[in-house]
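Reviewing the structure listed below.
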Amino acid sequence: MLRKKKCVAMLLAGGQGSRLYALTSKIAKPAVSYGGKYRIIDFPLSNCVNSGIDTVGVLTQYQPLVLNDYIGNGQPWDLDRAYGGVHILSPYQGKLSSDWYKGTANAIYQNLHFIKSYSPDYVLVLSGDHIYEMDYSRMLNFHILNDADCTIAAIRVPIKEASRFGILNTREDGSIYEFEEKPKKPKNDLASMGIYIFSADKLYKYLEADAADKNSHNDFGKDVLPAMLNAGEKMFAYLFDGYWKDVGTIDSLYEANMDLLGDSPKFNIFDPSWKIYSRSPLSPPQYLGEGSKVNNSIVLSGCEIYGTVENSILSSNVVVKKGAVVRNSIVMADVEIGENSVLEYAIVDESTFIGKNVKIGEEKSAGKGIAVIGRELSVGDNVTVEGGAMIEKSLTKEDK
Amino acid sequence: MKALGIVFSNIHDANLPELVRLRTLGSIPFGGRYRLIDFALSNMVNSGITKVGVITKRNYQSLMDHVGSGKDWDLARKDGGLIILPPFGDRDSDTLYNSRLEALKSITGFLRHADEDYVVMTDCDNVCRINYNDVIEFHRINKADITLVYRKNKLEEDHAVTLNINTENRVTALKYENKTDSENNVFANIYVIKRSLLQNLIMDSLSYNYRHFTTDLLSAYVNSMRIMAYEHKGYFAAITSMQSYYEKNLGLLDEKNRHELFGDRSVFTKIRDSVPTKYGACSVVKNSLIADGCVIEGTVENSVLFRGVKVASGSVVKNCILMQNTVLGEHVTMNCMITDKDVVVRDRRVLSGSENHPFYIPKGSMI
């Protein structure tokens, strides 16, 4: 008997994330750290597993090394399966043509043979740049009950910000009659979350038509979804009311991290019934020294703290030396912060070394923005980095 | 030269009766996120040993749950890997083995079917970092029949096995000694031996009716065989009593100890996907080792907290070892306590042991 899967997920993880600047100069956006322990891609992957979807194609293109390494055989997410599991799908050389993924729709189109090998009834399309916990199986049930051809997950956003999103205009029953990509004057506050469920046959049909159209941008939002709507296919908006954050910019990534802090955090990842899985580091427990002061913060294993940490997120193996202060900041894995250095309103990426008496960033009230230090750099003793600075190469005092 | 590993998961159970009531010695939690067997297995794996038999006797569900397929130690292999060796019940009597030698008799099949030249045997009561390749090399260079690993230390407990050693590091006698403060050559319960010789010794012991591997069998051969002693230098924690369990855990608060044991980040353990640890707005934490998944809102000093421990606001914890999922209510005061897994302490309780007699609360208690 031919085996088949009810639903296959395709995760678009090839984006460069250029608005994250230094954080994505060497890695793809879905591999960016979040919440100390996680990478952005942990959220869609864990959501899939928790929703009972065990076949996931991950489409990579931009700087895939760290991401590929991180996903590996999928074991941390329980996606190392005999039939199904996680598969990395990178652009490939074909007999007739060899192409990079030209757009979101083209990426899926080039991997239709992967989807078809599982003969699914439904295809879930996800993107690797959102932080949220969502049960896709409920959305799938909604899709099936409506006998829909395409269902788009949607969330209400403040009407002021609505023009940054794809806006769905719906009838009373939730069916979509109009789709506006980043409208200047939005009629509605219902934004597309970039999560789509297609009935497989319709997806094949429209992707093939899109590929044949030379004028297309090969993008779901711009081309495929409008084409389906114009052809009168049944499209529904599935309203999601949990926490959801697009972490496409430095500010939104920072905010999403800070949403984990506080007594009643905006985003509660501490719920044991919806575990977020990740590839865990092999580190001993964290050590807080005699003179340490750690308040309202998240700290990961392997950290050694002798200084002060406030309102911050420290990833694994971060060392905060004596007299150092980390405040309102995000410090990613394997960073060392030297004695008497001060971080304020800053993001420091992985494996960066910060010397003594360094000053990075300025208080939020100074209005200069978040200081960002890229990965695998070193910042020499006595250096001062201004608020809002974007550092992509190592600094010493002489550079100033 | 390839070596086969054998780990005795519960040979010293009698030393820690409270902690092994529901588990083996090997699955006793240690150092915030580990179990004692993690150190034995990690040393094997880091020395390139990829086939490890774990000898069990009773209460080994917790051990099996912990090690699983062995994948977290990279021991889920096509050839070899982690092999649990459950006790082999004798058809004629109802008893299971009572000594190391009897345990070895029950795994003769495992030894016969191996193709490794050497066998490295270790117990789980020793927490250290040791490279077995160095020990095997020492064994080869010295043309030893058996190599015993020891360290120079005072005797912390009665009935410790000590080695008399001559100038060329050959063992001339094995003795039981009682607690003393003078320095001795204390046997670390780690052996290297050729597999073929081990098989022969087991057969011999059947004919001579020896009971104990170290005191009967090795003592009997100490003159006729070359039994060599290899000194382990550096961090070593022998877990021989509740008191030493308490002290050795808190000993990890010392930076030197911690860096020797964990410095290169290669002690493997089961991965449990805990959430990050969260510190509240008024938390005060000094000189403490804290695992992932904790929520700390009160005060913690000189303590080791395992995964998922919750310390509510107003609570003060000093000199304590709190195992996985211990939950302290508000305004609890604790000093010199060891709580086993899943202990709940209600609001405003005051509990205290003393430094030379820590008080132990069993698994799942509600205080």
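The values are calculated or read from the model by the stated rules, or taken from the named source; none is laboratory data. Note that this is a predicted model, so its numbers are computed, not measured. Here the Cβ is made from the backbone with ideal geometry for all residues, glycine too, and neighbour counts use every protein chain on show. Side chains included, ligands, DNA and RNA excluded: accessible areas come from the protein's heavy atoms. Shrake-Rupley method; radii C 1.70, N 1.55, O 1.52, S 1.80 Å.
Just a few scattered comments:
- Among the conditions (1) at pLDDT below 95; (2) crowded, with 16+ Cβ neighbours inside 10 Å, the only one that A:ALA237 does not satisfy is (1).
- When the stretch A:79-102 is filtered for residues that are closer than 15 Å to A:GLN61 by Cβ, modelled with pLDDT under 90 and either of a type in the set (Gly, Ala, Ser) or crowded, with 19+ Cβ neighbours inside 10 Å (or both), the ones remaining, listed by number, are A:SER90, A:PRO91, A:SER98, A:TYR101.
- Candidates B:VAL345, B:VAL350, filtered to the one that is among the β-branched types (Val, Ile, Thr), surrounded by fewer than 18 Cβ atoms within 10 Å (Cβ to Cβ) and either modelled with pLDDT of 95 or more or touching a strand residue (DSSP E or B) at 6+ places or on another chain (Cβ under 6 Å) (or both): B:VAL350
- Flag for A:ILE27 being over 16 Å from A:HIS130 (Cα atoms), at pLDDT below 95 and either of a type in the set (A, V, I, L, M, F, W, C) or open to solvent by 40 Å² or more (accessible area, probe 1.4 Å) (or both): yes
- Exactly one residue out of B:VAL316, B:VAL332 is over 28 Å from the mean Cα position of the chain (by Cα), at pLDDT 95 or above, among the hydrophobic types (A, V, I, L, M, F, W, C) and more than 27 Å from A:ASP271 (Cβ to Cβ), and it is B:VAL316.
- Residues satisfying the stated conditions in the stretch B:290-305, i.e. buried (at least 19 other Cβ atoms within 10 Å of the Cβ), in a loop (DSSP other than H, G, I, E, B) and more than 8 Å from chain A (Cβ to nearest Cβ): B:GLY293, B:CYS294, B:GLU297, B:GLY298, B:SER303
- Tally, over the stretch B:191-212, of residues that are farther than 20 Å from B:ALA144 by Cβ, of a type outside the set (Ser, Thr, Tyr) and assigned to a helix (DSSP H, G or I): 2
- Screening A:ALA227 on (1) touching a residue at least 60 places away in the same chain (Cβ under 8 Å); (2) in a helix (DSSP H, G or I); (3) surrounded by 16 or more Cβ atoms within 10 Å (Cβ to Cβ) shows it passes everything except condition (1).
- Answer from B:ASN335, B:ASN287, B:ASN325 - the residue that is away from every other protein chain (no Cβ under 14 Å) and either of a type outside the set (Val, Ile, Thr) or surrounded by 17 or more Cβ atoms within 10 Å (Cβ to Cβ) (or both): B:ASN335
- Across the stretch B:236-263, the qualifying residues are those that are in contact with an Asp or Glu (Cβ under 8 Å, 6 or more places away or on another chain) and surrounded by 22 or more Cβ atoms within 10 Å (Cβ to Cβ), and the one among them that is nearest to the other protein chains (Cβ to nearest Cβ) is B:ILE239.
- First in the stretch A:276-289 and facing chain B (nearest Cβ under 7 Å), second anywhere and hydroxyl-bearing (Ser, Thr, Tyr) and open to solvent by 30 Å² or more (accessible area, probe 1.4 Å), Cβ under 6 Å, 6 or more apart: A:GLY289/A:TYR306
- Filtered residues of the stretch A:336-355 (kept if crowded, with 24+ Cβ neighbours inside 10 Å, more than 22 Å from the chain's Cα centre (by Cα) and either within 19 Å of A:ASN257 (Cα to Cα) or not polar (S, T, N, Q) (or both)): A:ILE337, A:LEU343, A:ILE354
- Search result, residues across the stretch B:45-72 that are open to solvent by less than 10 Å² (accessible area, probe 1.4 Å) and in contact with a Ser or Thr (Cβ under 7 Å, 6 or more places away or on another chain): B:VAL54, B:ILE55, B:THR56, B:LEU63, B:HIS66
- Scanning the stretch B:306-318 for residues that are open to solvent by 30 Å² or more (accessible area, probe 1.4 Å) and part of a loop (DSSP other than H, G, I, E, B) turns up B:SER313, B:GLY314.
- Out of A:ASP121, A:ASP42, sole residue that is in contact (Cβ under 8 Å) with a residue 60 or more places away in the chain, of a type in the set (D, E, K, R) and open to solvent by less than 10 Å² (accessible area, probe 1.4 Å): A:ASP42
- The residues of the stretch A:41-73 that are in a loop (DSSP other than H, G, I, E, B), over 14 Å from A:SER127 (Cβ atoms) and under 17 Å from the mean Cα position of the chain (by Cα), listed by number, are A:GLN63, A:PRO64.
- Flag: B:VAL52 matches the condition of being assigned to a strand (DSSP E or B) and away from every other protein chain (no Cβ under 14 Å).
- The criterion of at least 3 residues that are within 17 Å of A:PHE220 (Cα to Cα) is met, among helices (runs of 4 or more DSSP H) falling completely within the stretch A:104-197, by A:104-109.
- Test: B:GLY314 is away from chain A (no Cβ under 12 Å) and over 21 Å from B:SER27 (Cβ atoms): yes
- Meets criteria (assigned to a helix (DSSP H, G or I) and at pLDDT 95 or above) for A:TYR254: yes
- Hey, B:MET64 at pLDDT below 95, on the phi < 0 side of the Ramachandran plot, assigned to a helix (DSSP H, G or I) and touching a strand residue (DSSP E or B) at 6+ places or on another chain (Cβ under 9 Å) or not: yes
- Matching residues in the stretch B:264-284 - criterion: being within 9 Å of another protein chain (Cβ to nearest Cβ) and open to solvent by 30 Å² or more (accessible area, probe 1.4 Å): B:ARG265, B:PHE268, B:ILE271, B:ARG272, B:VAL275, B:ALA281, B:CYS282, B:VAL284
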